[in-house]
Every structure is written in C-alpha cells, then in structure tokens.
1. Does the range 314-348 hold any residues that are away from the ligand (no atom under 16 Å from the Cβ), more than 30 Å from ALA444 (Cα to Cα) and in a helix (DSSP H, G or I), and which are they?
2. Cβ-Cβ distance below 9 Å, separation of 6 or more or different chains: which pairs start in the range 460-477 with a residue that is farther than 9 Å from GLN196 by Cα and end on one that is outside any loop (DSSP other than H, G, I, E, B) and open to solvent by 70 Å² or more (accessible area, probe 1.4 Å)?
3. List, please: which pairs have Cβ atoms under 6 Å, are six or more places apart or on different chains, and start with a residue in the range 99-120 that is in contact (Cβ under 8 Å) with a residue 24 or more places away in the chain and end with one that is among the basic types (Lys, Arg) and surrounded by 13 or more Cβ atoms within 10 Å (Cβ to Cβ)?
4. Given the criterion over 22 Å from PHE131 (Cα atoms) and touching a strand residue (DSSP E or B) at 6+ places or on another chain (Cβ under 8 Å), identify the matching residue among GLY314, GLY284, GLY257.
5. Of a type in the set (S, T, N, Q), open to solvent by 10 Å² or more (accessible area, probe 1.4 Å) and within 13 Å of the ligand (Cβ to nearest atom): does that describe ASN226?
6. Can we say PHE487 is buried (at least 16 other Cβ atoms within 10 Å of the Cβ), over 28 Å from the mean Cα position of the chain (by Cα) and modelled with pLDDT of 95 or more?
7. Confirm whether GLU61 is acidic (Asp, Glu) and within 24 Å of the chain's Cα centre (by Cα).
8. Collect the residues in the range 69-109 that are over 30 Å from PRO431 (Cα atoms), open to solvent by 20 Å² or more (accessible area, probe 1.4 Å) and among the hydrophobic types (A, V, I, L, M, F, W, C), keeping them in residue-number order.
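The values are calculated or read from the model by the stated rules, or taken from the named source; none is laboratory data. Quick caveat: nothing in here was measured; it's all calculated off a predicted structure. Heads up, the Cβs are rebuilt from the backbone with ideal geometry, glycines too, and the neighbour counts pull from every protein chain shown. With ligands, DNA and RNA removed, areas are computed over all heavy atoms of the protein, side chains included. Shrake-Rupley method; radii C 1.70, N 1.55, O 1.52, S 1.80 Å.
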Amino acid sequence: MQYVSTRSGSAQSCPPQSFSDILLGGLAPDGGLYLPAAYPRITGEELNAWRKLSYADLAYEVLKKFATDIPDADLKALTRKTYTAEVYCNAREGDDASQITPLHLLEETVGRGGARTLMLQALSNGPTLAFKDMAMQLLGNLFEYTLAKNNAELNIFGATSGDTGSAAEYAMRGKKGIRVFMLSPHKKMSAFQTAQMFSLQDPNIFNIAVNGVFDDCQDMVKAVSNDLEFKVRQKIGTVNSINWARVVAQVVYYFRGYLAATTDNTQKVSFTVPSGNFGNICAGHIARMMGLPIDKLVAATNENDVLDEFFRTGVYRVRKSAETYHTSSPSMDISKASNFERFIFDLLGRDGDRVRALFQKVETHGGFDLSGKPGSDGDEFAKVAQYGFLSGKSTHQDRLDTIRDVQDEYGITIDTHTADGVKVAREHLTPGVTMIVLETALAAKFNETILEALGTDAERPAGFENIEALPQRFDVMPADVEQMKAFIAKHTGL
Ligand SMILES: *Cc1c(COP(=O)(O)O)cnc(C)c1O
C-alpha cells in the first residue's frame, strides 16, 4: 500500500510513501495530507467473517490492509496489546466493556416504513474518557514498536486545550524512546482536565503551563517547528489530528458499529459524528469508500458551523480565530477543519492540482466555493450527496435540552459533544436505517455544563473520584520561544 499527497498532482511534487514512512510525520512535504493511492475494498464474505471477531482482531484485519509494511504477527500483537478491556474499562453500567466500543440502544420505535432506531456507540471508555484514546493508544504502541526497530527516539511537542494532550500523554507515558512536551494555557483548562494531565508522574511526560491563552501555546509550537535545525536535532514530532495512523485507527470502529448493529450485509446504518477537525468523520468516509454499507454520514457541529455550512451550501469558508466561539462543546471549537482536504481530494476525483489551488485559496481568500453558481470554483457540491454526507448544528441551549431529554427518556447522562450529535441525529432519522451517534466523550469531563443542565454532577467512572486532589507535576513558563527551546534541550540532552 502506497500513500500519496492530496496536493501531488501532475507535477508529482512528492513520491509515494509507505505506512511506516508517514507514521511519525505530519503534512506531506508539498503541504498536502497523505491518503492511500487507492482504497482497499472489502468483500461481503470478509465482512461476514469479521462479524465474529473481537475488537482487537477486527482492528488487525482492517489495519492490515493499510499497514502493509508491518509484519502480520507484529501488527496482531500490537492490536491485541492496544484494544483490551483493561485499557477501555470505563463503560457505563450495563454496557459490556469487553466490546471496547459497546452499542447502547437509546430508542426504537416501530412505524410505517420500518423501525426508527437510535443508538449510541461508546468510544470514550479509554483512560482519558474521550474518543481520542481509540487512536492515540494504538499510536503509542506503534511509535514504540517502530522506534525500537530503528533504535531511534522521538520527542513529541504539542499544544492542547484539553482532550488531545491528555490522550497523547496517556498513550505515550512510560513508552521507551518517547518524551512528550505538552503546552497548555495556565489555569485555562477545567479542574478535571488539568488534574488528568498534571497528575501524571511518568518521567517522560512534561506538562508545561504557559502564561497565556491556547493560541499562544499553538504559536510557540509553530515557531519551534519552523526552526528546522532545532526540530531535526531534537527529533521533534507531533501527534495532531492529520496523522494518517490516527485516522485509520478510527476506521475500525465504524466497521465495529456496523457489524454490531446489523445481522447481514444488506442492512445499512448511518452515523452521526460530533465534528471539529473532520478527523473522526473522515474515517467514516474511508470506511464507506472501502465498501462498508453506510447510508448517511452526518456531521454535527456546534455554533462553529464551518462544516455544516459546506454540507448545506457547497461553500467552505474558514473563520478567523477571533470569530471562533468558545462553546460548551469546546473540543469542536475549530475555525478550519484540518482533515477536510482529504474528502475534497476524493470529491474532486483526486485532482491534486485543483486541491492545491483550492487550499491555497483558503490561505489567501479564506475559503472556496463548489456550489456551481456563477463565479464559483467548481460544481462538485452536486456530487456530495453521492458520498452520503449530511449535516446539522446546535447551540448551547440545544445541548442543555438534549442532555436533559436523554437523561429523562433513556436514563443516561451524555456529554456536551455527544449532545450535539444526538440533537442533529434526531433531525436525520430514517425508518429502516439504524442511526448510530458516536459518543466522543464521557459527561464527567464536561461537568460544568452537566450541572447546568441537570442540577447534579455527572457520575465519575471508578478511579476518577478524587483526581483533583492528586499531587500535580508541571512547569509554569512564559510564552517565550527561546526559553521553551532551552527547556526541551535540557530535558532531551540532545
Ligand atoms: C476531538 C473531539 C471532537 C472532534 O473530532 P474531530 O475528529 O476533530 O472532528 C469531538 N468531540 C470530542 C469530545 C473531541 O475530543
């Protein structure tokens, strides 16, 4: 399996790469994102055989099609080590943790044209209570494996406002050859998120609380990454959402959700995905391109509705950071969907020259228009429906109402991001097609809004009761690039 850049057009600006070549990297050298040169297709027989598999072995079967340069036995050992009930142990009462991503039936009403079925797929039972653990835990094991093979080391440097940083730290803690330097805005994360990250005592994890806001942290990461000499010498890498291995690890749970919700391959299901950077739902698109019988992929956004706007109008218009709302589903507060380019590449018939031109226009003009109207950049919006995409958005009030309603009707507490999903999923229910909402975080992580909606605290999984009281280990630093570089160099000894 070879990987090509979304911007590699007729000029072949960068040569095809293997899975291991792109594992530790981010963007392609030409600024594009990597995708398989062609999607592997699955047969009906394969899909049927996969119905019987454990999550770990299903992950092995799916990943085997993409990571063709990792020996099968090694890949099997890696997926079995990653997807265990011990790692994904935070299932809600009544759900079976050994399923890794158990389905939870919310509603089934029989009516004309077939049953209207709404389900939740719990993706947040991992160590940091958000779906990012699904991919990041695999990444930690893949990185450790690859680095050991090449006798190499890696220093992950990133910025977080919450979920990504903690998922990365819990995936990389104690891993040989890896250090994590994670910046977060000092005193700006929730008490729970802060405690989750800062209570880690592993010597290879460095929490750096920056006196500033999230954008200051991100600017420092960019500044350090732009110093190529420093980056190479310090072996700096990232684990951001465009990383291909993260995307492909997420393809697995679409297969799992489909197989768990159906009994034969003539049945179709739809997925509603709380979306920000388009990483999660991009994995759904890839599963569909592989032949998984997905009917609709519904992108749910909050007030930051860049994606909803595109799927309604064909106009992709990114927002400036000052125009980005801070909402009660903060992990979806994005102004530019970094994985969106992967879908656009497919939508444009894999024309890398046009993709490059369009995303250059995003930089110069803030977006592009595929509506087909006079003066637009193309008419491919007409084809979006063939890919099954739909969308919707919600507001803070919608989240409060949905959290309350789901609690009253089904007796479970959902988090604010999942509430965005449930709200939008209900607008797209089709008789005879099961709708699965991906649960992207557990409620305990966003307790402030749960308290506002329900008047009571969200339940915490066992082991999280007193995390705010644990001793914390972190350094406070100013938003100063030179001091940051000195800090990294001191701890890597490179
Ligand atoms: C990251 C995140 C999202 C958004 O996922 P994308 O892959 O960026 O679309 C949604 N919900 C939660 C809880 C998250 O942490």
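1. PHE345, ASP346, LEU347
2. VAL476/ASN211; MET477/ASN211; MET477/GLN483
3. Filtered contacts from the range 99-120: THR101/ARG256.
4. Within the list GLY314, GLY284, GLY257, the selection yields GLY314.
5. So ASN226 fails the test.
6. In short, yes.
7. Against the criterion (acidic (Asp, Glu) and within 24 Å of the chain's Cα centre (by Cα)), GLU61 qualifies.
8. Passing the criteria: ALA73, ALA77, ALA85, VAL87, CYS89.
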